[in-house]
Amino acid sequence: MSLLALCHRRSILLKIAAATDKAALNWRTPSVNASLLKEQILDQQPGFVLITNENLGDAALFTTIRSTCPQTLIVVCLTLEPVMDNHLWAILDNLEFDVLCSLDELTDCLLTLKAGRFYQSSLLETHSGYQAKEPLPGWHELTPSERRVLKLTTDEKTGPQIAAILFISEKTVNNHKAKISQKLAISGGPGSLTRFVLTHRKQLLALLE
């Protein structure tokens with residue numbers, strides 16, 4: 001599994017490279033501009049793309065990465081000690097990405113994602129909407145891909161529609177749904193996930209917005 005990064009600062013790149021090495025990911029030559037990164041993503045289809053502070057203003061870049069390679073996890077790594085104020089949260093809320101972390105958390109973040117789990121950064125605790133306790137049992141075990149499938153299920157999309165939207169097979173959609181049911185302890189056979197979504201729809205919409 002490989003990682004591509006977009007970063008302009010050599011000192012930061014060295015730290016990213018060290019974290020990538022500890023997570024045993026294949027490290028690709030970092031991009032210094034968005035155009036080069038887009039070409040590399042299309043050619044290499046990496047498991048992870050890491051974007052640092054300098055590029056948070058380029059919302060189109062995030063949208064392009066998501067549409068070009070929907071299975072790639074986009075990691076926003078805040079490399080300086082940021083002031084997590086309402087302005088920064090407003091910028092982040094308008095970007096298409098999967099995971100947020102600080103540079104100090106990057107190794108743990110990559111190891112967690114590589115294991116197929118969702119990484120919960122300490123930065124989230126500064127958000128006004130942060131909840132210290134799990135909103136649903138097993139919620140934080142859901143991967144970004146599983147959350148996207150759950151979001152579309154909550155939006156009343158069918159399996160074939162979800163597959164088309166995410167550019168994945170119906171079999172992959174069904175696999176994601178099975179893992180969602182397992183992690184959220186949903187039982188009851190066929191239709192149990194649909195019943196769960198209907199029962200918890202308001203809560204899920206708030207969590208997945």
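Only DSSP H runs of four or more residues enter the estimate; each adds -39500 (n - 2.57), and after division by the residues of the chain the mean residue ellipticity at 222 nm equals -14000 deg cm²/dmol.
Quick one: compute the contact order of the chain, relative version, from alpha carbon pairs under 8 angstrom and 6+ residues apart, as a percent. Don't skip to the end; give the middle numbers.
Working: 265 pairs, mean separation 31.2, N = 209.
Dividing the mean separation by the residue count of the chain yields 15 percent.
When both the range 152-177 and the range 80-99 are represented by their alpha-carbon centers, they are found 28 Å apart. GNM, the chain, Cα, under 10 Å: largest mean-square fluctuation among 184, 110, 100? Result for the chain, Cα springs under 10 Å: 184 fluctuates most. Could you pull out every one of the aspartates and glutamates with an alpha carbon less than 17 Å from that of residue 183, ignoring same-chain neighbours closer than 8 positions? Straight-distance partners of residue 183: 134, 141, 146. Here the Gaussian network model covers the chain, with springs between Cα atoms less than 10 Å apart; of 171, 15, 114, 171 fluctuates the most.
When all alpha-carbon pairs of the range 139-208 are counted, what percent fall beyond 19 Å? That tail contains 24 percent of the Cα-Cα pairs. List the relative contact order of the range 154-209 as a percent without decimals, with contacts defined as Cα pairs under 8 Å and 6+ residues apart. Worked out over the range 154-209, it gives 32 percent. Scanning residues 5 or more positions from residue 78 or on other chains, those with amide H under 5 Å from its amide H are 101, 102, 103, with H placed 1.01 Å from N in the peptide plane.
3J(HN,Hα) along the range 102-115: 8, 4, 5, 8, 4, 4, 4, 4, 5, 5, 5, 5, 4, 7 Hz, from the Karplus curve 6.51 cos²θ - 1.76 cosθ + 1.60 with θ = phi - 60°, whole Hz, x for Gly and Pro.
Cross-link partners of residue 171 among lysines, defined as those whose alpha carbon lies under 17 angstrom from its own and excluding same-chain residues fewer than eight positions apart: 157, 179.
Values in this text are rule-based calculations from the coordinates and carry no lab data. If you're wondering where the values come from, they're calculated on a predicted model, not measured in any experiment.
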